[in-house]
Every structure is written in structure tokens, then in C-alpha cells.
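The values are calculated or read from the model by the stated rules, or taken from the named source; none is laboratory data. Every value quoted in this text rests on a predicted model; they were computed, and no experiment measured them. For neighbour counting, all protein chains shown are included, and Cβ atoms are generated from backbone atoms with ideal geometry for every residue, glycine included. For the accessible areas, the whole protein counts, side chains as well, though only heavy atoms, and no ligand, DNA or RNA atoms are used. Shrake-Rupley method; radii C 1.70, N 1.55, O 1.52, S 1.80 Å.
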Amino acid sequence: SDHMENICGYLMKYTNLVTGWQYRYFVLNNDAGLLEYFVNEQSRHLKPRGTLQLAGAVISPSDEDSHTFTVNAASGEQYKLRATDAKERQHWVSRLQICTQHHTEAIGKNNPPLKSRSFSLASQGSANSPGVQRRPSQNAVSFFNVGHHRLPTGKRVPIMQPDHLVDVREMMSQAEGQQRDLIRSIECLPASGHLTSLDQDLLMLKATSMATMNCLNDCFHILQLQHASQQKGSLPAGTTISWLEPKISLANHFKNGAAQNFPAEINKPASVREEQSIAEPCQLTREPEEINPDEELEDICDDKEDDLGAVEEQRSVILHLLSQLKLGMDLTRVVLPTFILEKRSLLEMYADFMSHPDLFIAITKGSSPEERMIRFVEYYLTSFHEGRKGAIAKKPYNPIIGETFHCSWRMPRSNVATDAGTNSSAHSPSEQVTLPRDPEGQGEPDYYTVKFVAEQVSHHPPVSGFYAECVERNMCVNAHVWTKSKFLGMSIGVTMVGEGVLHLLEHGEEYTFSLPCAYARSILTVPWVELGGKVNINCAKTGYSASINFHTKPFYGGKLHRVTGEVKQNMTNTVVCRVQGEWNSVLEFTYSNGETKYVDLTKLSVTRKRVRPLEKQGPFESRRLWQHVTESLRDGDIDKATEHKRALEERQRNEERLRAETETPWCTKYFLKDGDGWVYHKPLWKTVSAAQTQQMDSN
């Protein structure tokens with residue numbers, strides 16, 4: 001073929017976080033189906049520094065930029081490469097894909113039809129035999145032939161393929177042919193014009209279709225091996241795969257410090273375990289609990305999500321998961337692997353957006369409606385940086401229905417800005433705020449208290465409600481968020497559907513706001529977080545509004561994490577403040593009087609939240625509920641974390657099934673349904689209104 005050509009040249013190769021990117025000389029050997037690289041062109045006659053078998057590999061252009069692409073070999077090894085420009089990347093990607101397709105097809109042609117095959121597993125007797133386990137050192141050819149061999153004539157094992165497996169093989173052959181036709185059609189498109197072979201969506205389609213077909217082949221081999229194993233009697237009839245069943249005693253799961261006796265619980269009948277898992281939560285009260293802030297202690301937990309090891313080691317799991325997804329697919333009901341989880345619940349992540357309570361309290365101290373709106377925009381934009389834990393795109397735990405999270409912050413009154421010119425906290429380099437102690441019996445404390453409560457009010461759809469208040473300043477915020485996640489190819493998008501309202505009772509003002517979308521990019525390599533979309537903040541009473549754009553990085557060029565916005569008076573259409581910068585770095589505020597203020601988010605003072613100790617928390621409070629998962633993740637024991645996570649999810653499904661059978665509606669604890677939204681059961685605006693009414697009656 002004219003397209004089968006040996007190419008060579010310099011590419012940048014990503015090594016690790018320490019070494020970073022390095023120039024290496026790459027050679028594509030079409031005859032051998034190999035991608036080799038050398039330190040430089042002069043060392044080409046020496047032994048290659050690295051070699052990848054391309055048969056069964058997946059070549060994926062990255063959406064990180066227009067120059068980067070990855071080569072994922074069937075053995076699990078990966079090269080992350082970068083060309084000098086988009087044209088050179090497309091040249092390498094096209095030639096690599098052609099070579100990969102050629103050698104992958106050659107493997108299929110060199111193997112006998114399925115009807116004349118038998119299985120080495122049958123003679124080995126167990127699926128755990130070393131001969132059928134995949135090892136990192138296996139090359140693509142040995143991987144695609146795993147478990148198959150020809151038997152001498154007259155010694156064939158009498159194992160016949162069931163008709164449905166033969167039918168599946170025929171359908172897969174048809175799908176493979178259609179996939180090859182699709183690739184050829186895309187590559188035959190012109191290099192310029194309205195629709196080109198460089199189109200981002202088409203490149204994504206090529207990569208995901210190849211990954212899907214490879215995964216289907218893997219699954220088919222598993223079915224064949226399982227059938228052969230059952231024919232030989234290695235799996236007794238009625239045997240189930242143990243990891244599909246909950247392994248944790250839910251009765252013990254909620255007893256902090258109690259010894260867990262897994263074997264004894266596993267031996268109990270499933271019906272007994274299920275009754276235990278359902279009975280206990282049914283006995284819990286759903287009455288709202290008043291949390292005493294004095295019982296809360298300053299949080300000492302500091303889980304940084306900067307370890308990429310687990311993501312690197314589990315790339316094959318990610319590829320397997322991606323192969324089961326379709327573009328635009330709703331991920332709400334998809335169970336994601338445990339190793340990509342953060343060590344906190346989504347409800348706690350919402351609380352971490354309040355880590356700058358000085359800026360939050362300062363909003364109501366603005367001397368004019370204009371200043372209060374600008375202060376709210378400043379607080380809003382600074383909240384996202386601390387809400388994320390590290391640069392890697394890990395996912396917080398999905399809260400189970402009825403889960404709650406409580407915390408509070410104490411902020412010295414002297415640290416809160418009182419006018420536009422004194423915002424010392426915005427430039428303070430300190431990482432922690434030291435509180436003055438209030439001498440006992442001296443009346444009002446020297447600090448403000450901001451209390452926070454969140455609850456998962458719905459499971460399908462997943463809706464969270466959260467509420468925060470500062471009684472001393474007569475201000476509170478109420479919000480509900482429905483997280484809708486979708487698969488977008490090489491990234492995952494999360495839409496935050498819902499609305500929040502900030503109440504400044506001292507001024508009788510209400511500020512409505514929404515939240516931006518979030519994206520996990522480059523999920524096959526080093527995933528990172530990006531925010532995108534337009535959000536609006538409005539105050540109907542004062543006529544001020546703000547429009548904020550979170551810009552996603554364009555395919556060609558552009559900056560990461562860029563945000564722009566403006567505050568204006570709607571009646572006069574006058575812009576009173578403009579903002580630009582990066583939501584996780586430096587923001588620049590330019591006011592109508594010509595003044596400019598810079599806010600370095602990396603140097604903003606962070607006030608640690610205060611949380612009750614685990615032993616004082618209820619069984620449905622986030623940290624106690626997920627404590628075993630969190631501890632296992634800290635210890636690096638992914639399997640154990642998965643067991644605990646699966647037990648929680650199984651209990652939630654059992655409870656949901658029971659409520660459906662008995663037609664029992666779910667009763668929330670802290671939030672009440674209000675139209676399409678959810679409102680805290682005892683918001684500050686109702687308390688203040690009741691107090692004012694009582695005072696008027698007494699007068």
C-alpha cells in the first residue's frame with residue numbers, strides 16, 4: 001500500500017513529572033509493526049531505547065492541545081508524544097493507525113476459525129493458571145492468542161462452541177469490517193475544507209472506535225474461557241462471582257472501632273445480611289439535629305490529591321471503562337472505578353467552596369449596592385480554586401441519599417473588610433487564620449461564625465442541597481445542585497443544574513446565581529480539571545447584575561482556566577467593573593474609576609473548617625459514612641476501598657428497592673421541596689422575620 005511507509009523523525013516524549021518532556025528520535029517500522037525510539041538520530045544504529053508492538057494498539061489524539069497524541073499498546077504500555085504542529089501530529093497519527101490496523105488484521109488472519117479451536121484452559125483446569133494470566137511483558141501477538149492452541153489430530157477435546165458464541169463472533173466480524181470502512185472514509189477526506197480528516201470529532205471517533213473493538217475482543221475471549229472452564233467442571237453449578245456480592249457487614253460498618261469479621265458475615269445467608277443492611281437505617285431518626293458549633297474542632301485533615309501513581313497503574317481499567325461508553329452517554333448510573341476518587345464526599349467539596357469566609361462576610365459590609373455586587377463577584381470567583389484539591393481531576397464520592405455534612409468557620413472580626421479600600425485578606429500570604437480567644441463571660445465573641453449544612457436530597461436524579469449562614473451579619477445562602485455528567489470522548493463533562501440565592505437581610509437584597517460546568521480532560525493520560533460556561537448573578541432589588549464567562553481551552557492555542565466578566569447597572573447599562581484572569585491563579589479587577597486590583601488566589605488566606613470528631617457524628621454524616629473508604633484510599637488499598645464503597649452502594653439500592661415495593665416516599669432531614677428547588681427547613685430569613693413580627697406584636 002502507498003500509505004504503508006516507514007517514517008522517522010524527532011518527537012517530544014513525556015517521561016515523568018520530574019524529567020518532563022524530552023526530544024527523542026522515533027522510527028516507525030511498518031514491516032515489523034514496531035514503533036521504536038532512540039536518544040538521537042546518530043544512535044539509530046544502536047539498540048532502541050524503547051519499542052512498542054503496534055498490533056492491537058490504540059492511537060489517540062489528545063484534546064489537551066493540537067500537538068499531543070498517545071500510543072496505547074495492547075501490553076498496557078503507553079507513549080505520550082508531542083509533534084511540532086497539528087499537521088505533523090496528523091501525519092504520525094495516520095501512519096501509526098494504518099500500521100496498527102494492518103498488523104491487527106494480520107493476527108486475525110493467521111489464527112484458525114473459532115469452530116476449530118479449543119482452549120488451553122481446559123487442559124490447565126483453572127482460570128487462575130499462569131498460562132492464562134496477562135503479564136505486562138507479553139507482546140501484542142501473544143496477548144491476542146492467549147489461551148488458544150492447536151491439538152494433534154485425534155486428541156481434540158470434545159468441547160463445542162455454543163451457537164450464541166458463534167453468532168457473536170460473526171456479528172463482531174461484521175462490526176470490525178464496518179469499523180475499518182469508517183476509518184478509511186475518514187482518512188479519505190480532504191485535508192482542508194468544511195469537513196476534513198483533521199476534524200476533532202472525527203479524530204475522536206477513530207480513537208474510541210478502535211478502543212471499543214479491542215475491548216469487545218477481550219470480553220469475547222473471557223466468555224470463551226468461562227465456557228470452556230464450565231464444560232470441564234472447574235466451576236460448580238450455581239457458583240456466583242464473589243465480587244458481585246457485598247462483602248462488608250453493614251451492621252458492623254457503622255460501628256466505629258468495632259472489629260469486622262468478614263468471613264462470618266459472608267457465610268450468613270444473603271437475606272439475613274440484606275435485612276441487617278436495611279433495618280438499621282430505618283431505625284434512624286429523620287428529625288433535624290441542631291449542631292453545636294462548640295463541639296466542632298478545627299479540621300486537621302489535609303488530603304492532597306496529587307498522587308498520579310494509581311491513575312498510571314490503572315490505565316487498562318480506564319480503557320476498559322471507556323470502551324463501554326458512548327458519546328453523550330449519561331454517566332449518572334455508571335459505577336466509576338475507585339482509584340479515581342478523591343478522599344471526600346461531594347457534599348464536603350461544596351463546603352470547601354466556603355474556605356474564604358472573610359470574603360463571604362465582607363459582602364454585606366459593602367457601603368453601596370454596587371460595592372456589594374462587586375464583592376459577591378470577587379467571593380464567587382475565588383471560591384473555585386480552594387474547592388479543588390490539587391491539579392489532578394479526581395472525583396469526590398457520590399453522596400448516598402440522606403447523607404449530610406456539617407461544619408463551620410470562625411473568622412476574627414478584625415480580618416473582615418469594612419470598605420472597598422481595606423481588603424487585607426485578599427493579599428495575605430498566610431495559609432491559616434489564628435483566632436483570638438474569647439475570655440469567658442465577656443459577652444460577644446471577637447469572631448464571626450459561619451455555619452454550613454448539606455444534604456443529599458435525591459438519588460435519581462442526584463440532587464444536593466446546601467445552606468450557610470452568618471447570624472451575626474444577617475446573611476445566608478441557600479442552593480440546590482443537580483449534577484449531570486456525560487461522556488464526551490476523551491473527556492467527561494459535568495453540568496451543575498440548579499440555582500443558589502444569597503440573602504443579605506440587613507439590606508433586603510437577594511442575589512441569584514448559577515454554577516459553571518466542569519470537565520475532566522485527557523482522561524487517558526494525566527487528567528486535569530477545566531471549568532466552562534456562562535453564569536449570571538442578579539439582584540432584582542438593586543438592578544445590578546454580573547455576567548461571568550469561564551472559557552474552555554480552544555483546540556488550537558489559547559490559555560487554560562481563563563475567566564472574564566463584567567458587573568453592570570441594568571437600568572443605565574453602565575459597566576462598573578470588569579474582571580479577567582485565571583480562576584485558579586490571578587484575577588484582575590478593573591473599576592469604573594480607573595483603579596485596578598489584583599487577587600492572587602494562590603496566596604489567599606485559607607480558614608480551616610471546623611468539624612465534629614467522628615465519634616460524635618451521626619452514621620449518615622459524610623466523614624463517618626465514608627471513613628472506611630477514605631482510610632483504605634490513604635493506605636493505598638484500592639481493593640479494600642472498593643469493597644467498602646460497593647457495600648454502601650448496595651445498601652442504597654436495597655433501601656431504594658424496599659421503598660419502591662412498600663410505596664414509601666423518602667423523607668429528607670434538613671431541606672424541603674419548594675417548587676423545582678430545595679430550601680433549608682429553618683432559613684435565617686424566616687427566623688429574622690418571625691423575630692421582627694414578635695417584636696412588633698410586643699410593642
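List of remarks:
- Criterion (assigned to a helix (DSSP H, G or I), open to solvent by 60 Å² or more (accessible area, probe 1.4 Å) and touching a Lys or Arg at 6+ places or on another chain (Cβ under 8 Å)) met by exactly one of R646, R657, R653: R646
- Hits in the range 350-380 (condition: among the hydrophobic types (A, V, I, L, M, F, W, C) and modelled with pLDDT of 90 or more): A351, L359, F360, I361, A362, I363, M373, I374, F376, V377
- Only one of S229, S185 that is of a type in the set (G, A, S), modelled with pLDDT of 70 or more and in a helix (DSSP H, G or I): S185
- Qualifying residue in the range 69-80 (condition: outside any loop (DSSP other than H, G, I, E, B) and free of Cβ contacts under 8 Å to residues at least 60 places away in the same chain): yes
Conditions (1) at pLDDT 90 or above; (2) of a type in the set (K, R); (3) within 17 Å of L297 (Cα to Cα), marked per residue:
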| site | (1), (2), (3) |
| --- | --- |
| K603 | no, yes, no |
| V606 | no, no, yes |
| S622 | yes, no, yes |
| H628 | yes, no, no |
| G636 | no, no, no |
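- Residue under evaluation K109, criteria (1) at pLDDT 85 or above; (2) charged (D, E, K, R); (3) over 15 Å from L52 (Cβ atoms), criterion not met: (1)
- Within the range 626-637, being in contact with a helix residue (DSSP H, G or I) (Cβ under 7 Å, 6 or more places away or on another chain) and touching a residue at least 40 places away in the same chain (Cβ under 8 Å) holds for Q627, H628, V629, L633.
- For the range 480-505, a residue qualifies if it is part of a strand (DSSP E or B), touching a residue at least 40 places away in the same chain (Cβ under 8 Å) and of a type in the set (A, V, I, L, M), and the qualifying residues are V481, I492, L502, L504.
- Qualifying residue in the range 65-77 (condition: in contact with a helix residue (DSSP H, G or I) (Cβ under 8 Å, 6 or more places away or on another chain), open to solvent by 20 Å² or more (accessible area, probe 1.4 Å) and over 16 Å from M204 (Cα atoms)): yes
- Restricting attention to the range 19-59, the residues that are within 34 Å of the chain's Cα centre (by Cα), buried (at least 19 other Cβ atoms within 10 Å of the Cβ) and part of a loop (DSSP other than H, G, I, E, B) total 4.
- Given (1) buried (at least 19 other Cβ atoms within 10 Å of the Cβ); (2) at pLDDT below 90; (3) touching a Phe, Trp or Tyr at 6+ places or on another chain (Cβ under 6 Å), number of the condition E403 does not satisfy: (2)
- Of all residues in the range 573-611 being closer than 25 Å to M411 by Cα and of a type in the set (G, A, S), the one that is surrounded by the fewest Cβ atoms within 10 Å (Cβ to Cβ): S585
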